[in-house]
1. Condition first: in contact (Cβ under 8 Å) with a residue 60 or more places away in the chain and within 19 Å of R203 (Cβ to Cβ). Now tell me which residues in the stretch 99-120 satisfy that.
2. List the strands (runs of 3 or more DSSP E) inside the stretch 1-105, counting only whole elements, that have at least 3 residues being surrounded by fewer than 23 Cβ atoms within 10 Å (Cβ to Cβ).
3. Tell me, please, whether a residue that is over 16 Å from the mean Cα position of the chain (by Cα) and over 24 Å from D224 (Cβ atoms) can be found in the stretch 18-40.
4. Across the stretch 113-153, what is the total count of residues that are of a type in the set (D, E) and part of a strand (DSSP E or B)?
5. Just for the stretch 61-77: of the residues that are touching a strand residue (DSSP E or B) at 6+ places or on another chain (Cβ under 8 Å) and of a type in the set (V, I, T), which one is farthest from L129 (Cα to Cα)?
6. Does R176 count as at negative phi, in a helix (DSSP H, G or I), touching a residue at least 12 places away in the same chain (Cβ under 8 Å) and surrounded by fewer than 20 Cβ atoms within 10 Å (Cβ to Cβ)?
7. Based on what the data block shows, is G82 out of contact with any strand residue (DSSP E or B) (no Cβ under 6 Å at 6 or more places or on another chain) and small (G, A, S)?
8. Please find, within the stretch 214-253, the residue that is surrounded by the most Cβ atoms within 10 Å (Cβ to Cβ) out of those that are closer than 22 Å to G157 by Cα and in contact with a Ser or Thr (Cβ under 7 Å, 6 or more places away or on another chain).
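Derivation of every value follows stated rules applied to the coordinates shown; laboratory data play no part. Quick caveat: nothing in here was measured; it's all calculated off a predicted structure. As a convention, Cβ positions derive from the backbone with ideal geometry for all residues, glycine included, and neighbour counts pool all protein chains shown.
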Amino acid sequence: MGLLDGTVALITGASSGIGAATASSLASHGATVVLAARRTARIEEAAAKVRADGGTALALTADITRAQDAREIVSRTVEKFGRLDTLVNNAGTMLLGPAVDAPLEEWERMVRLNLLGLMYCTHAALPVLLEAAAGSRRQVADLVNVSSVAGRFPRSGSSGYNAAKFGVTGFSEAIRQEVTRRHVRVSVLEPGAVETELVSHNRPEIQERHAQRFADTKKMEAADIADTIAFVVTRPWYVSLNEIVLRPTEQDN
């Protein structure tokens, strides 16, 4: 019997990387998983993998920078499966570079997706998470926000990303204080360097700079973060892991 049997988890940004790995990990513990992202073919492929491994999965195409899409993925999850026990806000982008002459469109994209999209999904999901916590044999529901070390430690060349991710960290703690006595746990994960598609979103010169910075560092894998998320949401109801910073062993800042 899985620790998450009978529960339903919604994961945003689930078409690749940490999101797809998290869907597989939570499904392996018995959760029914709903994978949400903009890339339909990719989330269908990830959902098919979960089903091939014996799990139950649904793929929902959505752009969570639109509040309506965020509301719809929550409502469609509840309509299909009758509940929502876990929301993993994973969707995000990382656009680095100097603040001087930075393309404002990059900052705007990060705020819309990394912060506002997460807020939209949280706003839509909180009522049903509270309902699940009140009526669940597990006595708990989970909101997991994937931030970054950039949400805890500022760094030159990362100002826009820092701003968005610091917002996630602050938002998470404020929400935690509101709902923790009603048994909705709020956890924020702040990973360092992970081998995902994030770096490829940057301009070529930024990608090269990032490659040089981590040339001698073994990065974490998406599965490492997914395993941490699974650990967070499978703790007994009275154990809440509120903030976790995790880095590659060789990453020094």
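1. A99
2. On the way: elements: 8-12, 32-37, 57-61, 86-89.
Strands (runs of 3 or more DSSP E) meeting the threshold: 57-61.
3. Taking every residue of the stretch 18-40 in turn, at least one turns out to be over 16 Å from the mean Cα position of the chain (by Cα) and over 24 Å from D224 (Cβ atoms).
4. Within the stretch 113-153, residues that are of a type in the set (D, E) and part of a strand (DSSP E or B) number 1.
5. T61
6. Criteria met by R176.
7. Working: out of contact with any strand residue (DSSP E or B) (no Cβ under 6 Å at 6 or more places or on another chain): yes; small (G, A, S): yes.
Spelling it out, G82 is indeed out of contact with any strand residue (DSSP E or B) (no Cβ under 6 Å at 6 or more places or on another chain) and small (G, A, S).
8. Keep residues of the stretch 214-253 that are closer than 22 Å to G157 by Cα, which gives 214-220, 245-248, 250-253.
Retained after the next criterion (residues that are in contact with a Ser or Thr (Cβ under 7 Å, 6 or more places away or on another chain)): 246, 248, 250-251.
Details: L246: 15, P248: 18, E250: 12, Q251: 16.
So the residue we want is P248.
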